[in-house]
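Enquirer: Sharing a structure, written as structure tokens. Questions coming.
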Amino acid sequence: MTVAQTGNIFATVDPPFRYIPVATLFELFGITTVGDQAAYITHLYSTTTTYVIIPATLYLLVRLTVGRKTALLTLLGVVSWRVFGIGLNAYVDGYWMYDYTIPLIFLTIYFGHKCVSGQSPRSSVKLAVGTGIGIGSVGLNEYILGAYTAAIITVLFIYHRKYLELATSGTIGSLMASSLIFMTDYAKDFILSSGGNRLELLPVSLVVPNAISILTTPAYLFPVFLTFLAVLLYYWNQSTPTDTNVLVISCSVLAVAWLSQFILATGWFALLAQYTGQYLVLTLLMHQMVKGAELFNII
């Protein structure tokens, strides 16, 4: 509401792009005060994002990078998750704003995929610009998810030796991040203090409990199980989902986030990467199931 009332995206301590859609809806419907109407619009937007926009953008990502069969099975899987409440940790726990960012991550991954998939030099640079804008937009919606997305794109471009594109997207993303200098002094102090509090989570004494959480927390354990299942099916099928390996790289970065907890107490990064990565792990599993079914002429 503060963003809608002031028209200043830097008016809160939160990432500046996070509330632009909701503030726009408040402006369109003439909502100027906190109340039932504001709560209803916020809830409606959050629910639409979680139950409609995320499945739709994931379907498009998988359809355009892998294929129709895998996309349909992935969509069916996400719908099943929604029915049984699987993967809704952020939504149920009140961290629904993280779902606002996930569609942007899917879009950025697609731009990265197109950028390394044999485009002309000019088109490749243009797509790198789009990828950089995507990284910047994700980061200005949620800082840690921006780091996760940037890590995916960095590994992808290095893997394909797209160094010019890496520099281009990195420059664009950095320029967008530089807009944070316009935040209020209070917001800057809040971010710095939050970062300091996160750094205090690094002592070795906390490593073992955080590592154990990977093996005991359902939010982690279920996608980890899906990952092992996808790997086993891969060894059976020997089929990669994309020629660019963008989805494999995305899940590899998630795996690093998981494994980092055995060395450092990086639970916050692992958890936020989990919110996005769980859908990409599901995609890998669905692809291997499709290839296995084709191997036995089932579909």
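Enquirer: Which order do peptides 118-125, 158-165 fall in by mean Cβ count within 10 Å, highest first?
Expert: With the highest mean Cβ count within 10 Å placed first, the list reads 158-165, 118-125.
Enquirer: Let me ask you something else. When the Cα centres of the range 36-64 and the range 103-159 are compared, how far apart do they sit, in Å?
Expert: 22 Å
Enquirer: So for the pair residue 178, residue 24, with labels modelled 7 Å out along Cα→Cβ, what separation do we get in nm?
Expert: Result: 2.6 nm between the two label points.
Enquirer: Would you mind ranking 27, 142 so that the residue whose beta carbon has the fewest other beta carbons within 10 Å leads the list?
Expert: 27, 142
Enquirer: Residue 54: net charge of surrounding residues, Cβ under 11 Å, Lys/Arg +1, Asp/Glu -1, itself excluded?
Expert: Result for the neighbourhood of residue 54: 0.
The numbers here are math on the coordinates, done by the rules we state, and not lab data. Every value quoted in this text rests on a predicted model; they were computed, and no experiment measured them. Reconstructed Cβ throughout: ideal geometry from the backbone, glycine too, with neighbour counts over all protein chains shown.
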